[in-house]
Amino acid sequence: MSRSESVGLLTDSPADVLRCIFERRLSSLVKFEYCYLELSGLQGKKADDWGELRDLCKATREAPIPPDMFEEQLKVGVAREEAAEGTGIKFTSGKDLTDVVIPQYEAGFLRLMGEASELSYGSLGWGDEEMVQLAASVAYAHTRGALPSLTRLVLYENKIGDEGMKAFAA
């Protein structure tokens, strides 16, 4: 199974919620639509086979976020935490953010985008906001030469309007 075909499973545990800041963003970047699952989709339901389990647990993913936007979101979260404890993001050391997390996110983002021959975001309920974010991600990767293998962009069964398409066409 290749990296983009592996299945990602998430729970609602506090450890998963914290890890989501970094790993969820990268792990969902190039997954095929049914390879990103959330077990909370079961909620007392029983699946009799893999197809049923997959359909019940299919996760709605956020649009990819380029490294510059990711960095800004983290910095806002850190500032919020500094202003009011328990409301933002806290790192053991400020250097963890600037010397580890941000550079690793950019490296992972560019590597994954660079390896992708297909970006599959079908049936995710995306609208204009997600399309604007996707456009920013594709532009970021493209300006850094990170989309050499991309031949297919899958967006079917989303709710993308004129504003989303304008952002992508720009």
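A few comments on the model shown:
- Hey, Met69 open to solvent by less than 70 Å² (accessible area, probe 1.4 Å), modelled with pLDDT of 85 or more, under 29 Å from Asn158 (Cα atoms) and not in a loop (DSSP other than H, G, I, E, B) or not: no
- Failed item, numbered, when Ser117 is tested on (1) more than 15 Å from Ser28 (Cβ to Cβ); (2) among the polar types (S, T, N, Q); (3) open to solvent by 90 Å² or more (accessible area, probe 1.4 Å): (3)
- In the set Ser149, Ser137, only one residue is touching a residue at least 24 places away in the same chain (Cβ under 8 Å), polar (S, T, N, Q) and assigned to a helix (DSSP H, G or I); that residue is Ser137.
- Matching residues in the range 135-161 - criterion: being of a type in the set (A, V, I, L, M, F, W, C) and within 13 Å of Asp68 (Cα to Cα): Ala136, Val138, Ala139, Ala141
- Answer from Val78, Val100 - the residue that is in a helix (DSSP H, G or I), exposed (fewer than 14 other Cβ atoms within 10 Å of the Cβ), at pLDDT below 95 and of a type in the set (A, V, I, L, M): Val100
The values are calculated or read from the model by the stated rules, or taken from the named source; none is laboratory data. In this text, all values refer to a predicted model and were calculated from it rather than measured experimentally. FYI the Cβ positions are ideal-geometry reconstructions off the backbone, even for glycines, and counts take in every protein chain you see. These accessible areas exclude ligands, DNA and RNA; they are computed on the full protein's heavy atoms, side chains included. Shrake-Rupley method; radii C 1.70, N 1.55, O 1.52, S 1.80 Å.
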